[in-house]
Amino acid sequence: MNFDYIIQISGPMLEGARTTVLLFLIVIALSIPLGFVVTLMAKSALKPLAWMAHSYIYVMRGTPLLLQLLFFCFGLPQIPVIGEYLVLDRFVAASLGFILNYGAYFAEIFRGGLLSIDKGQHEAAKVLGLSKWQTLRKVILAQMFRVALPAVANESISLVKDTALLYAVAVPELLNYAKTAVNRDFTVTPFVVAGVIYLLMTLVLTLFFKALERRFKFE
Amino acid sequence: MNTMIEVKELQKSFGSLEVLKKVSFSVSPGEAVAVIGPSGSGKSTMLRSLVHLEEITGGSIVIQGKPLVENGKYAGASDIRTITASMGMVFQHFNLFPHLTVRGNLELAPRTLKREKVAAIEAKSRDLLAKVGLADKADVYPSMLSGGQKQRVAIARALMLNPDILLFDEPTSALDPELTGEVLRVIRQLADEQMTMIIVTHEMNFARDVADRIIFMDKGEIAESGTPEQIFGSPRLERTRLFLNQG
């Protein structure tokens, strides 16, 4: 491996990493709130609402993410009649697929967090005169997010790596640049550089979530 | 007003299982009532129904003259909240909020309900922590406390809202024996201050010591009630005698 070569390919690869980071940020920012809403729907007393939430989770978790991405990028426009209105920018379509997929996983993570909260917490809050909404906000959610934190961290790190699936729908990102360079220059170095860039991104996330966990330790 | 709590023919069933069969009693201001009896006798269910943690199937509950339930029919949601707000409750398993410090546990409800100024709330939480002997633990999370300390925090938390009535649901049953004393001392002090209290307990010596009146429950009914001298000295019923002797 030659140092000048690494410098030379790093420019375009970091360019690709920008797409990776952008996708990551968009998906995290939208799929976490989506997951939260779906959790509340799944817990709802309104049966059709709960049923919709459970079906959504089942479908998104029960099929490959790659299939979902292909569906949103190439499948939607093929749908009869409405298909022609569903031709989205490939990056937008892929983001949509990621958001819906990760939303389902986050919903399950939050549901687990809610299950871990003792019934006594609701009772104590009720006897202290808090309304249902106040209890949810001040007692239940605060604890749910803490319990869910390690799983959210895990899922976020998975997302960094899953962004590489953009390769399959031909949206240029980090892995795409690496593969192009490997083919062009007959060297494995770009793959190693890509690996290091992914490691740096997951390292930042790992440190970030560790700090969050320390901050909310309740000790 | 001469009754704090008036319970008439309280009935509660879970499916076909009758847990409370026409339980009636009343509590006067400043009175400390201890409820004793074997497990499954309906003591806790009775206590919990007073603060609407259990929905009863029949009978009436009147708190300070205001009906919470009348002949099985509940008051409206906002009335229920106002009526139960005059009661504080202390649970067997403390039910402290683990994500808040001791001070945060005390101040959450008053700060959320905003009936008092923040400065007054802070002063009160300081005073109450001092009263239960935990002034130095204000900024500690519950996970760092012993069971006895947790229960004392729970009592202070219940007192933050100035309840007229305090209900204790087996406050020492989850504690190691050597930690019950510190909790019972706090409850005894409240009794000395004429706080109206109902205490469901298995601590017979404590009940005899602190209570003005003992209610012995068995199989969903009040089998016998009277002064501690009557109940512990010369119980009227054989089953009361049997229960007291086995403990």
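The values are calculated or read from the model by the stated rules, or taken from the named source; none is laboratory data. Everything numeric here is computed off the predicted structure, so don't read it as measured data. Positions of Cβ are generated from backbone atoms using ideal geometry, with glycine treated the same way; all protein chains shown enter the neighbour counts. We work out accessible area using only protein heavy atoms, side chains counted, and drop any ligands, DNA or RNA first. Shrake-Rupley method; radii C 1.70, N 1.55, O 1.52, S 1.80 Å.
Which residue, of A:Ala125, A:Ala142, is in contact with a Lys or Arg (Cβ under 9 Å, 6 or more places away or on another chain) and either open to solvent by 50 Å² or more (accessible area, probe 1.4 Å) or within 14 Å of chain B (Cβ to nearest Cβ) (or both)?
From the options A:Ala125, A:Ala142, the qualifying one is A:Ala125.
Within region A:145-176, take every residue that is closer than 20 Å to A:Cys73 by Cα, in contact with an Asp or Glu (Cβ under 8 Å, 6 or more places away or on another chain) and of a type outside the set (A, V, I, L, M, F, W, C) and give me the one that is surrounded by the fewest Cβ atoms within 10 Å (Cβ to Cβ).
Filtering first and then ranking leaves A:Tyr167.
So which of B:Thr180, B:Thr196 is modelled with pLDDT under 95 and of a type in the set (S, T, N, Q)?
Only one candidate passes the filter, namely B:Thr180.
Out of B:Ile165, B:Ile155, which single residue is touching a strand residue (DSSP E or B) at 6+ places or on another chain (Cβ under 9 Å), under 30 Å from B:Gly40 (Cβ atoms), open to solvent by less than 10 Å² (accessible area, probe 1.4 Å) and away from chain A (no Cβ under 12 Å)?
B:Ile155
Residues that are closer than 20 Å to A:Arg146 by Cα, at least 2 per element: which helices (runs of 4 or more DSSP H) completely within region A:24-123 meet that?
Of the helices (runs of 4 or more DSSP H) lying wholly inside region A:24-123, those with at least 2 residues that are closer than 20 Å to A:Arg146 by Cα span A:90-115.
Among the strands (runs of 3 or more DSSP E) confined wholly to region B:45-112, which include 3 or more residues that are more than 8 Å from chain A (Cβ to nearest Cβ) and either touching a helix residue (DSSP H, G or I) at 6+ places or on another chain (Cβ under 8 Å) or among the charged types (D, E, K, R) (or both)?
The qualifying strands (runs of 3 or more DSSP E) are B:66-70.
Exactly one of (1) at the interface with chain A (Cβ under 9 Å from one of its Cβ atoms); (2) open to solvent by less than 40 Å² (accessible area, probe 1.4 Å) is unmet by B:Ile121. Its number?
Condition (1) is where B:Ile121 drops out.
Are any residues in region A:172-219 within 14 Å of chain B (Cβ to nearest Cβ), aromatic (Phe, Trp, Tyr) and touching a Pro at 6+ places or on another chain (Cβ under 9 Å), and if so, which ones?
Residue satisfying the conditions is A:Phe218 alone.
Scan region A:68-86 for residues that are hydrophobic (A, V, I, L, M, F, W, C), out of contact with any Gly (no Cβ under 8 Å at 6 or more places or on another chain) and surrounded by 11 or more Cβ atoms within 10 Å (Cβ to Cβ) and jot them down.
Within region A:68-86, A:Leu70, A:Phe74, A:Ile79, A:Leu86 meet the criteria.
If you check every pair at least six apart or on different chains, which have Cβ atoms under 6 Å apart with a residue in region B:58-84 that is under 17 Å from A:Leu130 (Cβ atoms) first and a residue that is open to solvent by less than 30 Å² (accessible area, probe 1.4 Å) and of a type in the set (A, V, I, L, M, F, W, C) second?
Close Cβ pairs (under 6 Å, with a partner that is open to solvent by less than 30 Å² (accessible area, probe 1.4 Å) and of a type in the set (A, V, I, L, M, F, W, C)) amount to B:Ile83/B:Ile63; B:Ile83/B:Leu68; B:Thr84/B:Val51.
I'm trying to understand the selection: among the residues of region B:168-179, which are of a type in the set (Asp, Glu), buried (at least 19 other Cβ atoms within 10 Å of the Cβ) and more than 12 Å from chain A (Cβ to nearest Cβ)?
If the condition is that a residue be of a type in the set (Asp, Glu), buried (at least 19 other Cβ atoms within 10 Å of the Cβ) and more than 12 Å from chain A (Cβ to nearest Cβ), then B:Glu170 is the only one that fits.
Given the residues B:Ser24, B:Ser41, which is the only one that is of a type outside the set (Asp, Glu) and assigned to a loop (DSSP other than H, G, I, E, B)? So that I can check it myself, show each step before the final result.
On the way: B:Ser24 fails: assigned to a loop (DSSP other than H, G, I, E, B).
Checking each option against the conditions leaves just B:Ser41.
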